[in-house]
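The values are calculated or read from the model by the stated rules, or taken from the named source; none is laboratory data. Not measured: the values here are computed from a predicted model. Note: ideal-geometry Cβ built from the backbone for every residue, glycine included; neighbour counts use all protein chains shown.
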Amino acid sequence: MLPPREDKTEVQRLNPFFRETDLQVGIKNIDRNDINFLISAFDLRFNQDFDRIVQDAYRGRQQNIDSLIGSIETRFAGTNNPFFDAYREYRYGLLRQITLVKKSTATSNELFLNRPILYRNPAYMELFNMVYDKYFLFFARTMEGNVIFDDISRYKSLTRLKQTLANDNVLSNDTLMEMVILKSLHDEFFSDNFSRSALLALLDSVYRTTKIPEHVIIAENIRNRITKLLPGFVPAPFSLMDVNGREVSLDKFKGKYVYLNFCTTTSYTCLKEFVQLEKISKQYRKHLEVVTISADDNIEDLKNFLKNSKYSWTFLHFGNKPEILKDYDIRVYPTYFLIGPDKKMILSPAPSPEEGFEHRFFQLLRSKGEL
């Protein structure tokens with residue numbers, strides 16, 4: 001018997017230290033050379049020591065990593081499965097990287113430079129993301145890379161950027177360099193280090209000029225992800241349940257501004273701002289719809305709250321589409337957005353009522369002659 005399904009709560013989702021429990025399912029007469037079985041069995045053995053070794057490393061107690069790897073290899077070597085061989089190799093690389101046995105430059109030269117890019121191997125990609133984390137900023141601190149800011153924000157030139165990065169020996173392979181550029185463009189888009197319009201221009205340049213089919217797909221996926229919350233772009237659509245069991249979509253509010261906010265009824269900040277939201281909702285109802293998406297674990301909690309509070313704007317529950325929290329990159333409550341009558345994002349994030357949203361919205365209406 002399997003244990004009952006248990007969805008991850010919002011507290012668990014937002015907790016950076018929360019980890020799911022691995023459940024190993026035995027299947028009679030399973031093929032022990034099956035790649036899924038091999039990876040599952042390897043991860044179970046590998047993870048037995050991984051957390052302890054990492055903790056010891058951060059406490060200054062070094063472990064004999066090579067001895068551990070040798071012990072694991074006595075069980076898993078010789079499977080003659082190239083995917084699994086690579087999976088193990090990059091898992092060991094991750095262990096050496098995290099425990100500082102090897103520096104990023106050495107790992108890059110050994111496991112990435114002039115080696116095939118394993119786009120579909122999760123162990124490869126996890127180590128890749130760690131080794132090249134914040135690469136633009138790291139290389140910009142060097143004498144050879146200090147023009148990166150001009151290459152990106154001033155000239156918006158992929159050619160200049162590649163010429164600069166070519167000064168770093170770890171990126172002498174063009175395919176690897178382009179992959180690092182794609183990762184860095186994505187990561188920096190969520191920082192304040194570079195102009196977003198410049199990053200988008202460079203991303204489009206990679207999309208247009210790359211000769212690598214996988215990079216076309218990656219560039220397109222990155223663009224879709226980073227633009228969905230940008231002003232001027234249409235955010236992710238949704239269709240959620242209200243407390244009366246009716247399905248309400250974003251399309252329902254087309255033609256009006258939507259002040260969208262994500263809240264929980266247990267957040268003191270959310271509850272405090274609801275009073276001002278009620279005022280805003282009533283005062284601007286001709287032009288504006290206030291829509292609250294509740295991330296409470298149970299819709300019954302939202303129902304009970306509204307029964308006692310009598311707030312009059314639209315409340316929806318995220319339960320039938322939990323991925324909406326990822327679609328809108330919700331990390332704290334409350335978070336606000338302003339969407340225009342044409343369904344395009346105007347303010348992302350928008351100021352909260354306490355941060356002067358009403359004044360900002362009044363100025364917007366007046367600038368468009370709508371008052």
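Taking the condition touching a Pro at 6+ places or on another chain (Cβ under 8 Å) and at pLDDT below 95, does Gly245 pass?
Numbers: touching a Pro at 6+ places or on another chain (Cβ under 8 Å): no; at pLDDT below 95: yes.
It is false that Gly245 is touching a Pro at 6+ places or on another chain (Cβ under 8 Å) and at pLDDT below 95.
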Practice task
Answer yes if at least one residue in the stretch 242-252 is touching a helix residue (DSSP H, G or I) at 6+ places or on another chain (Cβ under 6 Å) and either within 30 Å of Lys307 (Cβ to Cβ) or assigned by TED's automatic domain parsing to the domain that holds Glu289 (or both), and no otherwise.
Solution key: yes
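Hey, does the stretch 103-117 have a residue that's within 17 Å of Glu214 (Cβ to Cβ), among the hydrophobic types (A, V, I, L, M, F, W, C), not assigned by TED's automatic domain parsing to the domain that holds Ser184 and not in a helix (DSSP H, G or I)?
Quick first cut of the stretch 103-117, residues within 17 Å of Glu214 (Cβ to Cβ) only: 112, 115-117.
Those left that are additionally among the hydrophobic types (A, V, I, L, M, F, W, C): 112, 117.
Add one more test, that the residue is not assigned by TED's automatic domain parsing to the domain that holds Ser184, and what stays is 112, 117.
Imposing the further condition that a residue be not in a helix (DSSP H, G or I) reduces the set to 112, 117.
Within the stretch 103-117, one or more residues are within 17 Å of Glu214 (Cβ to Cβ), among the hydrophobic types (A, V, I, L, M, F, W, C), not assigned by TED's automatic domain parsing to the domain that holds Ser184 and not in a helix (DSSP H, G or I).
Does Gly255 satisfy the condition of being farther than 27 Å from Pro231 by Cα and surrounded by fewer than 21 Cβ atoms within 10 Å (Cβ to Cβ)?
On the way: farther than 27 Å from Pro231 by Cα: no; surrounded by fewer than 21 Cβ atoms within 10 Å (Cβ to Cβ): yes.
It is false that Gly255 is farther than 27 Å from Pro231 by Cα and surrounded by fewer than 21 Cβ atoms within 10 Å (Cβ to Cβ).
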Handout entry: Glu278 in the same structural domain as Arg246 (by TED's automatic domain parsing), in contact (Cβ under 8 Å) with a residue 40 or more places away in the chain and of a type outside the set (Lys, Arg)
Key = no
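Which one of these is more than 22 Å from Ser239 (Cβ to Cβ) and surrounded by 19 or more Cβ atoms within 10 Å (Cβ to Cβ): Glu273, Glu278?
Glu273
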Exercise for the section: Could you check Asn320 against (1) modelled with pLDDT of 90 or more; (2) more than 29 Å from Arg360 (Cβ to Cβ) and say which number it fails? Expected result: (1)
Handout entry: Pairs where the first residue, in the stretch 207-233, is at positive phi and outside the structural domain of Phe337 (by TED's automatic domain parsing) and the second is outside any helix (DSSP H, G or I) and loosely packed, with under 14 Cβ neighbours inside 10 Å, C-beta under 6 Å, 6+ apart
Key = Gly232/Lys344
Handout entry: Cβ-Cβ under 8 Å pairs, at least 6 apart or on other chains, the stretch 62-89 side closer than 23 Å to Leu118 by Cα and in the same structural domain as Glu126 (by TED's automatic domain parsing), far side modelled with pLDDT under 85 and in a helix (DSSP H, G or I)
Key = none
Exercise for the section: Please give the number of the condition Leu199 fails out of (1) over 23 Å from Ile117 (Cα atoms); (2) in a loop (DSSP other than H, G, I, E, B). Expected result: (2)
Practice task
Could you tell me which residue of the stretch 262-294 is nearest to Asp327 (Cα to Cα), considering only residues that are part of a helix (DSSP H, G or I) and of a type in the set (Lys, Arg)?
Solution key: Lys272
Exercise for the section: State yes or no: is Asn114 on the phi < 0 side of the Ramachandran plot and among the polar types (S, T, N, Q)? Expected result: no
Completion exercise
Scanning the stretch 333-371 for residues that are touching a helix residue (DSSP H, G or I) at 6+ places or on another chain (Cβ under 9 Å), assigned to a helix (DSSP H, G or I) and not acidic (Asp, Glu) gives Pro353, Phe357, Phe361
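Got a number for residues in the stretch 140-163 being surrounded by fewer than 21 Cβ atoms within 10 Å (Cβ to Cβ) and part of a helix (DSSP H, G or I)?
Of the stretch 140-163, the ones surrounded by fewer than 21 Cβ atoms within 10 Å (Cβ to Cβ) are 140-147, 149-150, 153-157, 159-160, 162-163.
Within this subset, residues satisfying the condition of being part of a helix (DSSP H, G or I) are 140, 149-150, 153-154, 159-160, 162-163.
Final tally of qualifying residues: 9.
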Problem - Identity of the residue in the stretch 18-57, among the aromatic types (Phe, Trp, Tyr) and over 17 Å from Tyr90 (Cβ atoms), that ends up modelled with the lowest pLDDT - result: Phe18
Exercise for the section: Hey, can you tell me all the residues within the stretch 295-332 that are within 26 Å of the chain's Cα centre (by Cα) and in a loop (DSSP other than H, G, I, E, B)? Expected result: Ala295, Asp296, Asp297, Asn298, Lys321, Pro322, Glu323, Tyr328, Asp329, Ile330, Arg331, Val332
Fill in the blank from the handout: Subset of the stretch 118-139, residues assigned to a loop (DSSP other than H, G, I, E, B), under 29 Å from Phe194 (Cβ atoms) and without any contact (Cβ under 8 Å) to a residue 60 or more places away in the chain, comes to Leu118, Tyr132, Asp133, Lys134
